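A short write-up of the structure that comes next.
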Amino acid sequence: MASNSSTPVLRGGHGATDARANALRALAIDAVQAANSGHPGAPMGMAEMAVALWCGALRHNPANPHWPDRDRFVLSNGHASMLLYALLNLSGYELPMAEIRRFRQLHSKTPGHPEVGVTPGVETTTGPLGQGFANAVGMALAEQHLGREFNRDGHAIVDHRTYVFLGDGCLMEGISHEAASLAGSWGLNKLIALYDDNGISIDGPVEGWFRDDTPARFRAYGWQVLGPIDGHDIGAVEQALTRARASADKPTLICCRTTIGQGSPGRAGTAKAHGEPLGADEIARTRAAIGWPYAPFEIPDEVRALWDARVSGRAHEAAWQTAFASYRAAFPELAAEFERRIAGDLPADFDAIAQAAVDACGSVAVATRKASQQALAVLAPRLPEMLGGSADLTGSNLTDFPGCGQRHLSWGVREFGMAAALNGVALHGGFMPYGGTFLTFSDYSRNALRMAALMQLRVVHVHTHDSIGLGEDGPTHQAVEQLPSLRLIPGLDVWRPADAVETAVAWSSALRRHDGPALLALSRQALPALANAAQVDGIARGGYVLSDAAQPRAVVIGTGSELQLALEAQRRLAEQGVAVRVVSMPCTNVYDRQDDAWRESVLPRALPAVAVEAAQPDFWHKYVGRDGAVVGMRSFGESAPAAELYRHFGIDAEAVVQALRRVIAASDLATGAPR
């Protein structure tokens, strides 16, 4: 049906008589109107669903949004953010009406889409449709695993639900399939999704492009499906929530038939309600239609009292604190470990653990994917919070470790769903998640990587087979542009270690970091041992002098499998009387955060520079300058053995030697130095 269709899609009841629901509607339309921007339709349509959950089943405490055993609530259709902000304001969170009035304004606590860390009570950043749903799957997964690990008979200190609102757009996105299939396979019975089935998207009524039998689809995944029910009938939604909470072995989808823009005489059931202000005239008509005579942003005391969750919230948390005190008395060591894990603190002896991972590195050549597994074998047994897995590539990514058991998950071929669910695991707390795939398949999961960086989550992505060095699988699997493009994501640390020692340091650095994710780009092929334990501090700073020379004429920068080419070029030029410094830069992102003195000591501005990396080369001109040179890949790869590919594409020590000679000659010419 055309995008300008005027045929309304009206579902469920149309009374809109509940004052609690109408308070949500009023705040949504007022805030969107004041901002002259936003999405009023979904908040208006989901108002009764929100009343049923937030005034009933949801266990939360506005005074402490972070108590460990609270229920989690995720608004996957994040464009409906004013629904969530209204809920938080009315329930008693530290989100005053002044912030509601500043909806979508610079530095307000009410941004256009919900952002974790900005607004008290927001559990995750949503907006890219479907990812909030996958985050919720990760939260429910974390609850399940944390409960198995810490609960004891008579002491269920981890026992909460994850609720998620989602709409048609979330279900159209392919990630919803990946996440829902995983949730059903894992029996995440404490995951409850409420589907806002309003039949409308931006382009109009969805029957022309979304005819899925959603209930049948979710039953096939192994979910309990309730409904369709009238999403405007609070009692019906409450009854469905009660049934959902009783599920012993399946997640639940509650299909709620609703009308977008419910209560608006001229916009209800139409795409016009979705993403623009109603306008002053339609707002006046809506107020009259729902019986809301109050001024903009005015909530009468008696309605606010119906919403106030501060007393009940304190009672919920107090009951849990009492239970936890009993748990602590019975299991003091477990209680201390639980608190450490929830706080996200590393073990007190982590420095020794990290050093042990370095000490375990041998002197023989080893693929960095294997070096990663060797580091995991040291780190993971002493860090029980590490929860890992692979997207059906365990034998290639080598993400498992001895005795891993249920701490290593098989995600199936679901890179995007895995990455987004890992974000949910990290958001929940208690775990440091990691997941593996091939580097070229980072394109599948890229937006979840971006969201992890935006949310500053400690998630580690283990991406192997990082270049043409993977060989015969050919250009479909050989990463070329991925490394430089991933380095451009703000806050994502991309590590490309060159040997076992650098790999061990990359792991420990990723785990130490509290304010963002890391990606480890690892080789398929064996690489020689190059760094040593004395260089650990330099490695941890992202870039360091691996091999120096007296009065160097130039610097050559290498990463990963190409660092050995830089060293060989240095050796050949030294035999010809030309001194060159070799810099290893396993993580440009970390190097860029170092002070000027460190960066100048590693890469002096006065020295010409060359970089070598089997990836798209343009990124490296940031470090070698316009007059520097880069030996890299300017095309896709080919299918052939790795050694043959390196020769074919001219990525070898001789190419580095010639590049160094050119930049040295150009520098001499520019400065007038004797040649």
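The values are calculated or read from the model by the stated rules, or taken from the named source; none is laboratory data. Values in this document were obtained by computation on a predicted structure and should not be read as measured data. FYI the Cβ positions are ideal-geometry reconstructions off the backbone, even for glycines, and counts take in every protein chain you see. The protein model used for the area step is the full one, side chains on, heavy atoms only, and it has no ligands, DNA or RNA in it. Shrake-Rupley method; radii C 1.70, N 1.55, O 1.52, S 1.80 Å.
Taking Glu282 as the residue in question, decide whether it is of a type outside the set (Ser, Thr, Tyr), closer than 24 Å to Ala23 by Cα, out of contact with any helix residue (DSSP H, G or I) (no Cβ under 7 Å at 6 or more places or on another chain) and in a helix (DSSP H, G or I).
Yes.
Under the condition of being more than 20 Å from His621 (Cα to Cα) and outside any helix (DSSP H, G or I), which residue from region 650-675 is least open to solvent (accessible area, probe 1.4 Å)?
The selected residue is Ala673.
Return a yes/no flag: does region 653-671 have any residue that is at pLDDT 95 or above, charged (D, E, K, R) and under 37 Å from the mean Cα position of the chain (by Cα).
no
Is it the case that region 59-74 has a residue that's touching a strand residue (DSSP E or B) at 6+ places or on another chain (Cβ under 9 Å), modelled with pLDDT of 95 or more and either surrounded by fewer than 21 Cβ atoms within 10 Å (Cβ to Cβ) or part of a helix (DSSP H, G or I) (or both)?
yes
If you check Ala284, Ala246, Ala273, which single one turns out to be within 21 Å of Ala34 (Cβ to Cβ) and surrounded by fewer than 20 Cβ atoms within 10 Å (Cβ to Cβ)?
Going through Ala284, Ala246, Ala273 in turn, the sole match is Ala284.
Restricted to region 142-174, and to residues that are closer than 28 Å to Asp230 by Cα and acidic (Asp, Glu), which residue is most open to solvent (accessible area, probe 1.4 Å)?
Checking each candidate, the answer is Glu173.
State which residue is nearest to Glu298 (Cα to Cα) when the search covers only region 94-131 and only residues that are in a helix (DSSP H, G or I) and charged (D, E, K, R).
Selected residue: Arg101.
Every residue, every condition in (1) modelled with pLDDT under 95; (2) outside any helix (DSSP H, G or I); (3) open to solvent by 60 Å² or more (accessible area, probe 1.4 Å), yes or no:
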position: Gly263; (1), (2), (3): no, yes, no
position: Gly266; (1), (2), (3): no, yes, no
position: Gln321; (1), (2), (3): no, no, yes
position: Val358; (1), (2), (3): no, no, no
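Is one or more of the residues making up region 562-574 over 22 Å from Ala529 (Cβ atoms) and open to solvent by 20 Å² or more (accessible area, probe 1.4 Å)?
No: zero hits.
Determine whether region 608-629 contains at least one residue that is open to solvent by less than 20 Å² (accessible area, probe 1.4 Å), of a type in the set (A, V, I, L, M, F, W, C), in contact with a helix residue (DSSP H, G or I) (Cβ under 7 Å, 6 or more places away or on another chain) and part of a loop (DSSP other than H, G, I, E, B).
Yes: one or more hits.
In the set Ala309, Ala305, which member is modelled with pLDDT of 95 or more and open to solvent by less than 60 Å² (accessible area, probe 1.4 Å)?
Ala309
Which of the following residues is over 27 Å from Val116 (Cα atoms), of a type outside the set (Lys, Arg) and in contact with a Ser or Thr (Cβ under 8 Å, 6 or more places away or on another chain): Asp168, Asp203?
Exactly one of Asp168, Asp203 is over 27 Å from Val116 (Cα atoms), of a type outside the set (Lys, Arg) and in contact with a Ser or Thr (Cβ under 8 Å, 6 or more places away or on another chain), namely Asp203.
Going by the structure shown, is Ser547 surrounded by 24 or more Cβ atoms within 10 Å (Cβ to Cβ) and either among the hydroxyl-bearing types (Ser, Thr, Tyr) or without any contact (Cβ under 8 Å) to a residue 24 or more places away in the chain (or both)?
So Ser547 does not fit the description; no.
Restricting to region 412-428, count the residues that are more than 22 Å from Pro128 (Cα to Cα) and open to solvent by less than 10 Å² (accessible area, probe 1.4 Å).
Result for region 412-428: 0.
Between a first residue in region 486-500 that is farther than 14 Å from Leu522 by Cα and among the basic types (Lys, Arg) and a second residue that is surrounded by fewer than 24 Cβ atoms within 10 Å (Cβ to Cβ) and modelled with pLDDT under 95, which pairs have beta carbons less than 8 Å apart while being 6 or more apart in sequence or on different chains?
none
Being without any contact (Cβ under 8 Å) to a residue 40 or more places away in the chain and open to solvent by 60 Å² or more (accessible area, probe 1.4 Å) is the requirement here; does Arg328 meet it?
yes
Which one of these is surrounded by 24 or more Cβ atoms within 10 Å (Cβ to Cβ), modelled with pLDDT of 95 or more, in contact with a Leu (Cβ under 6 Å, 6 or more places away or on another chain) and within 30 Å of Arg211 (Cα to Cα): Met44, Met49?
Met49
In this structure, is Gly491 open to solvent by 10 Å² or more (accessible area, probe 1.4 Å), over 27 Å from Ala642 (Cα atoms) and touching a Leu at 6+ places or on another chain (Cβ under 8 Å)?
yes
Restricting region 454-465 to residues that are under 15 Å from Asp493 (Cβ atoms) and part of a loop (DSSP other than H, G, I, E, B), which is most open to solvent (accessible area, probe 1.4 Å)?
So the residue we want is Gln456.
Here is a yes/no grid of residues against (1) in contact with a His (Cβ under 9 Å, 6 or more places away or on another chain); (2) of a type in the set (A, V, I, L, M, F, W, C):
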{"residue": "Glu123", "(1), (2)": "yes, no"}
{"residue": "Gly132", "(1), (2)": "no, no"}
{"residue": "Leu141", "(1), (2)": "yes, yes"}
{"residue": "Gln144", "(1), (2)": "no, no"}
{"residue": "Arg148", "(1), (2)": "no, no"}
{"residue": "Asn151", "(1), (2)": "no, no"}
{"residue": "Phe165", "(1), (2)": "no, yes"}
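Among the candidates Ala375, Ala352, single out the residue that is closer than 19 Å to Gln535 by Cα, in a helix (DSSP H, G or I), at pLDDT 95 or above and open to solvent by less than 10 Å² (accessible area, probe 1.4 Å).
The match here is Ala375.
Please determine, by comparing only the residues of region 466-488 that are under 19 Å from the mean Cα position of the chain (by Cα) and not charged (D, E, K, R), which one is most open to solvent (accessible area, probe 1.4 Å).
Restricting to residues being under 19 Å from the mean Cα position of the chain (by Cα) and not charged (D, E, K, R), the top hit is Leu488.
Return only the number of the condition from (1) aromatic (Phe, Trp, Tyr); (2) free of Cβ contacts under 8 Å to residues at least 60 places away in the same chain; (3) under 19 Å from Leu427 (Cα atoms) that Tyr93 does not satisfy.
(3)
Could you tell me which residue of region 159-205 is nearest to Leu241 (Cα to Cα), considering only residues that are acidic (Asp, Glu) and outside any strand (DSSP E or B)?
Asp159
Quick grid of which residues meet (1) surrounded by fewer than 22 Cβ atoms within 10 Å (Cβ to Cβ); (2) of a type in the set (S, T, N, Q):
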| site | (1), (2) |
| --- | --- |
| Ser176 | no, yes |
| Ala180 | no, no |
| Leu194 | no, no |
| Asp197 | no, no |
| Ile200 | no, no |
| Pro205 | yes, no |
| Trp209 | yes, no |
| Asp212 | yes, no |
| Arg217 | yes, no |
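Among the residues of region 102-117, which ones are in contact (Cβ under 8 Å) with a residue 24 or more places away in the chain and more than 21 Å from Ala453 (Cα to Cα)?
Residues satisfying the conditions are Phe103, Arg104, Gln105.
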